[in-house]
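Report on the structure given below.
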Amino acid sequence: MRVALIGANGQLGNDLLPRLQAAGHEVVQLQHADIEITDATNVAEVLNPLPLDLVINTAAYNLVDRAEDEPDVAYSVNALGPRYLAQVCQNHGWRLMHLSTDYVYGGNSNPAARPWKESDKPHPSDAYANSKFTGELFVEAECSRHIIVRTCGLYGLAALRGAGKGNFVETMLRLGRVRKQLRVVDDQRCTPTATVDLADSLVRLIETDAFGLYHATNSGSLSWCEFAREIFRLAKMDIEVIPITTAEFGAKATRPAFSVLDGGKLASAIGGPLPDWHEALARYLASRTEIV
Ligand SMILES: NC(=O)c1ccc[n+]([C@@H]2O[C@H](COP(=O)([O-])OP(=O)(O)OC[C@H]3O[C@@H](n4cnc5c(N)ncnc54)[C@H](OP(=O)(O)O)[C@@H]3O)[C@@H](O)[C@H]2O)c1
């Protein structure tokens, strides 16, 4: 397949590129310097001349708290960008795979605490989530051959090289080197996901004839406090992790109390679930020691 990968030097893009190539796809890598997805003219100028079957959009504005102060910037990258990509893909009959987020469930109450299925109605409650959800709606409305994949809490080795906003694992390891005690939110439950596992699942998904919306995270669920404790246990760092509430942490944007995603639909499409989060974290920590 001939694939344009947008956001090629981001966390996910870095792990997706070699997997697409290893699977035999011809990939045109597009970094931010190569394409500006908020500019409809530029999007058309860059993509129109390319012979393609599929565009994968991993580019995004991911600064969740800053988005509260600059919602127009978040909207431009996360909603209008995907819209312009959808329009070009529709004109050519190309497939568009677009990445979205568990934060679309930020405002939902979930008394049963059951993982969210693709059929559950989103209720985004902050500027970032609103911009991402609007992007989903544009892609769905304007490109008939779309695949939208919602994921959660990405961590990939590219963050070590400065890609994107960094990731939670690297933040914990950095803070753990200078503090003996850390306060970490314990009342948000989700499933942080290794970009290598997400990338593997995306490559398998594009090789099916699947269309529509999919949830893709590592398996299992946990709080950020539990995740921090496991990071330090595996890294053999003696750090006391104190559980706090979201209110005590006091971030600017609201975050979902429960955004565990049900991956059953994806598992059926690609022949199995993504690996468990413990295993994914252990693999990540082992692989990062080879490059730091
Ligand atoms: N990171 C997470 O925890 C998380 C959680 C849930 C869902 N997601 C979604 O998963 C996808 C991949 O996330 P990620 O962590 O790989 O993101 P990332 O590391 O921040 O990478 C995003 C890439 O997009 C590029 N980009 C930003 N604005 C652009 C624009 N206007 N035009 C073209 N390129 C632009 C960035 O380039 P520059 O850095 O050079 O600007 C960067 O290389 C995104 O859709 C994100 O919303 C991420």
> Rounded to whole Å and sorted largest first, what semi-axes of the equivalent ellipsoid does the C-alpha gyration tensor of the chain yield via the square root of 5 times each eigenvalue?
Replying inline: 30, 21, 19
> Once you have the alpha carbon radius of gyration of the range 179-292, what is it after dividing by 2.2 N^0.38 Å, with N set to its residue count?
Replying inline: 1.22
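Find, among the GluC sites (Glu not before Pro) in the range 161-245, those assigned to loop by DSSP (not H, G, I, E, B) with at most 16 other beta-carbon atoms within 10 angstrom.
Working: sites: Glu170, Glu207, Glu226, Glu230, Glu240; in loops: Glu207.
Here the GluC sites (Glu not before Pro) that fit, given the DSSP loop and packing criteria, are Glu207.
Taking the Cα centre of the range 132-236 as origin and charging only Cβ (+1 Lys, Arg; -1 Asp, Glu), how large is the dipole, in debye to the nearest 20?
Numbers: 15 positive and 12 negative charges, 178 e Å.
Here the range 132-236 has a charge dipole of around 860 debye.
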> Exposure proxy check: Val28, Val3 ranked by fewest other beta carbons within 10 Å?
Replying inline: Val28, Val3
>> Report, in listed order, any pair from Lys117/Lys236; Lys165/Lys236; Lys132/Lys180; Lys121/Lys236; Lys132/Lys236; Lys236/Lys265 with a Cα-Cα distance greater than 31 Å.
In response: Lys117/Lys236; Lys132/Lys180; Lys121/Lys236; Lys132/Lys236; Lys236/Lys265
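How big is the equivalent ellipsoid of the range 176-218 along its three axes, where each semi-axis is √(5λ) from the Cα gyration tensor, reported in whole Å from largest to smallest? Please report the intermediate quantities before stating the final value.
Values: eigenvalues 234, 38, 4 Å².
They are 34, 14, 5 Å, listed from largest to smallest.
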> Along the charge dipole of the range 2-289, which of Tyr61, Thr193, Gly7 sits closest to the positive end, that is, farthest toward it, with unit charges on the beta carbon of Lys, Arg, Asp and Glu (+1, +1, -1, -1)?
Replying inline: Thr193
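Using only the Cα atoms of the range 57-185, what semi-axes does the equivalent ellipsoid have when each is the square root of 5 times a gyration tensor eigenvalue? Give whole Å, largest first. Write down the numbers at each step before the final one.
Values: eigenvalues 166, 71, 39 Å².
Square roots of five times the eigenvalues give 29, 19, 14 Å.
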> What is the dipole size for the range 80-158, taken about its Cα centre, with +1 at each Lys and Arg Cβ and -1 at each Asp and Glu Cβ, in debye to the nearest 20?
Replying inline: 140 debye
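For Ile242, Ile231, Ile206, Ile56, which order do you get if you count the other beta carbons within 10 Å of each Cβ and list the fewest first? Could the numbers behind the result be given before it?
Details: Ile242 12, Ile231 25, Ile206 20, Ile56 30.
If I rank by nearby Cβ atoms, fewest first, I get Ile242, Ile206, Ile231, Ile56.
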> Around Ile244, what is the net charge, scoring Lys/Arg as +1 and Asp/Glu as -1 over all other residues with Cβ under 11 Å from its Cβ?
Replying inline: -2
>> If I build a Gaussian network model for the chain, linking alpha-carbon pairs within less than 10 angstrom, which residue out of Asp120, Asp15, Asp186 has the largest mean-square fluctuation?
In response: Asp120
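In debye, nearest 20, what is the charge dipole magnitude of the chain about its Cα centre with +1 on Lys and Arg Cβ and -1 on Asp and Glu Cβ, if you could check? Display every interim value, and only then the final one.
Numbers: 28 positive and 35 negative charges, 133 e Å.
Value, rounded to 20: 640 debye.
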>> As I understand it, the dipole of the chain uses +1 on the Cβ of Lys and Arg and -1 on the Cβ of Asp and Glu, about the Cα centre. Which of Ala113, Thr41, Val139 lies farthest toward its positive end?
In response: Ala113
> With the dipole of the chain worked out from charges on the C-beta (+1 for Lys and Arg, -1 for Asp and Glu) around the Cα centre, which of Gln90, Tyr75, Met172 lies farthest toward the positive end?
Replying inline: Met172
> Which residues make up the longest stretch of the chain that has no trypsin sites (Lys or Arg not before Pro) in a DSSP loop with at most 16 other Cβ atoms within 10 Å?
Replying inline: 1-116
>> If each residue of separation counts as 0.36 nm, what is the full-extension length gain between Leu137 and Glu68 once their alpha-carbon separation is subtracted?
In response: 22.8 nm
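Bear in mind these aren't lab numbers, they're just calculated from the coordinates by the rules spelled out. Since the model is a prediction, treat every value here as computed from it, not as a measurement. With ideal geometry, Cβ positions are generated from the backbone for all residues, glycine too; neighbour counts draw on all protein chains shown.
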